[in-house]
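The values are calculated or read from the model by the stated rules, or taken from the named source; none is laboratory data. Everything numeric in this text was worked out from a predicted model, so none of it was measured. Cβ placement follows ideal geometry from the backbone for every residue including glycine, while neighbour counts extend to all protein chains displayed.
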């Protein structure tokens, strides 16, 4: 299990060298975008993200295998097509109980860093999907375990962090936008608009 300080220490060892920024608590991407607009000293260009957790339909005899999708906020994809690619059916957003009991997080605070909080007996069943659109980005925004702060890391640091999760066995990079289908998978309660750095304003804290 990890807390904020332990997470920042781990990210620093993987190449993260920025200071996390604090802002007002947010529940969705639009609020996140607005909150960051009130903070000085942000990277010149960055991308916001959505981390979606799904509970696929499985035979009762199979171990629970949640799917964690880490994507650019403006990436639109079809969850049914994603399920087909992963050999799952009926991909539905995980309940708040799953967020709390398996990932020890809440809606609005979800990020790939919650993988470090998954119990050891479960992490081997988790499927992680990384949007290829993130891999070469230099400055990617994520919540470091709560929605009161944001860190900006590079694509390589993101991949290194995920690779460092002990027991995690199923990681896939996919061009999510190329998946066939018409029904998009937006961040719950959020937006699918592209985001660039808003104009800085005086500092005002998933």
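Here are the numbers for this structure:
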{"item": "Residue in segment 42-56 that is at pLDDT 90 or above, in a strand (DSSP E or B) and out of contact with any helix residue (DSSP H, G or I) (no Cβ under 8 Å at 6 or more places or on another chain) present", "result": "yes"}
{"item": "Number of the condition not met by residue 183 [criteria: (1) farther than 23 Å from residue 32 by Cα; (2) in contact with a helix residue (DSSP H, G or I) (Cβ under 6 Å, 6 or more places away or on another chain); (3) modelled with pLDDT under 95]", "result": "(2)"}
{"item": "Residues of segment 64-86 classified as surrounded by fewer than 22 Cβ atoms within 10 Å (Cβ to Cβ) and under 21 Å from residue 167 (Cβ atoms), total", "result": "4"}
{"item": "Residues satisfying the stated conditions in segment 1-24, i.e. over 30 Å from residue 167 (Cα atoms), in contact with a helix residue (DSSP H, G or I) (Cβ under 8 Å, 6 or more places away or on another chain) and surrounded by fewer than 18 Cβ atoms within 10 Å (Cβ to Cβ)", "result": "24"}
{"item": "Breaking point among (1) touching a strand residue (DSSP E or B) at 6+ places or on another chain (Cβ under 7 Å); (2) part of a loop (DSSP other than H, G, I, E, B), for residue 70", "result": "(2)"}
{"item": "Condition met for residue 65 (at pLDDT 95 or above and not in a strand (DSSP E or B))", "result": "yes"}
{"item": "Helices (runs of 4 or more DSSP H) completely within segment 88-164 that count 1 or more residues being modelled with pLDDT of 95 or more and under 28 Å from residue 40 (Cβ atoms)", "result": "155-163"}
{"item": "From the options 100, 107, 117, residue that is surrounded by fewer than 16 Cβ atoms within 10 Å (Cβ to Cβ) and within 19 Å of residue 4 (Cβ to Cβ)", "result": "100"}
{"item": "Positions within segment 22-34 being closer than 10 Å to residue 150 by Cα and outside any loop (DSSP other than H, G, I, E, B), in sequence order", "result": "22, 32"}
{"item": "Subset of segment 74-87 (residues that are over 16 Å from residue 130 (Cβ atoms), more than 19 Å from the chain's Cα centre (by Cα) and part of a helix (DSSP H, G or I))", "result": "80, 81, 84"}
